[in-house]
1. Of the residues I102, I87, which is touching a Gly at 6+ places or on another chain (Cβ under 8 Å) and of a type in the set (V, I, T)?
2. Residues in segment 33-46: is at least one open to solvent by less than 50 Å² (accessible area, probe 1.4 Å) and over 15 Å from the mean Cα position of the chain (by Cα)?
3. Of all residues in segment 109-137, count the ones that are buried (at least 18 other Cβ atoms within 10 Å of the Cβ) and under 16 Å from the mean Cα position of the chain (by Cα).
4. Going residue by residue through segment 72-92, is there one that turns out to be in contact with a strand residue (DSSP E or B) (Cβ under 8 Å, 6 or more places away or on another chain) and surrounded by fewer than 12 Cβ atoms within 10 Å (Cβ to Cβ)?
5. Scan segment 96-121 residue by residue and report those that are among the hydroxyl-bearing types (S, T, Y) and under 10 Å from Y44 (Cα atoms).
Amino acid sequence: MHCDLNILFGLATAQLGATEARSSRELKARNYLEKHWIMELLTYLTSTLVFFRPERPREYLISILERLRIAKISGVALPFFMDNSNIASMFEMLDSSNKGSISFVQYKEALKTLGLCTADEVFKDGGHGVTFKKFSDEVNKRTQEIWSAF
């Protein structure tokens, strides 16, 4: 009986150690992804693919990353893959009644769709609609923040 308890204790200790090691690896992986903005990059690249739907997606992604690399090395402005006409088109689709503004919910969903915010990010809703200028400025600002992290 004493031997059986030692075996059980040994198994429990080994399992606890494996769980702690897994938790430590997961934490290190999460910290790495956050530090280097990897999830934001992947979300943005995926959103860009879905938005533009290029015929050759791999080549398109490679070209985006290459332009980003060149911009970082040369110090030129970081590439924006959604120009003002794309942002305007998206805003117009959201503002189907042509009020000149979109709801706060539409605003947040658009930013999530573009990979420019997380699902759990908290926004301050001023109770007013979001104008095209605010929407455009925020898309450009958040895009710049993501690209500058690389």
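The values are calculated or read from the model by the stated rules, or taken from the named source; none is laboratory data. Remember, predicted model here, so these are calculated numbers, not experimental data. Every residue, glycine as well, gets a Cβ built from its backbone with ideal geometry; the counts of neighbours run over all protein chains shown. With ligands, DNA and RNA removed, areas are computed over all heavy atoms of the protein, side chains included. Shrake-Rupley method; radii C 1.70, N 1.55, O 1.52, S 1.80 Å.
1. Working: I87 fails: touching a Gly at 6+ places or on another chain (Cβ under 8 Å).
After ruling out the rest, the residue left standing is I102.
2. Pass one, segment 33-46, residues open to solvent by less than 50 Å² (accessible area, probe 1.4 Å): 38, 41, 44-45.
Filter once more, so that each one left must be over 15 Å from the mean Cα position of the chain (by Cα): none.
Checked segment 33-46: no residue is open to solvent by less than 50 Å² (accessible area, probe 1.4 Å) and over 15 Å from the mean Cα position of the chain (by Cα).
3. Residues meeting the conditions: 6.
4. Narrowing segment 72-92 to residues in contact with a strand residue (DSSP E or B) (Cβ under 8 Å, 6 or more places away or on another chain): 91.
Add one more test, that the residue is surrounded by fewer than 12 Cβ atoms within 10 Å (Cβ to Cβ), and what stays is none.
No, every residue in segment 72-92 fails to be in contact with a strand residue (DSSP E or B) (Cβ under 8 Å, 6 or more places away or on another chain) and surrounded by fewer than 12 Cβ atoms within 10 Å (Cβ to Cβ).
5. The initial filter retains those residues of segment 96-121 that are among the hydroxyl-bearing types (S, T, Y), namely 96-97, 101, 103, 107, 113, 118.
Listed by number, the list holds a single entry, T113.
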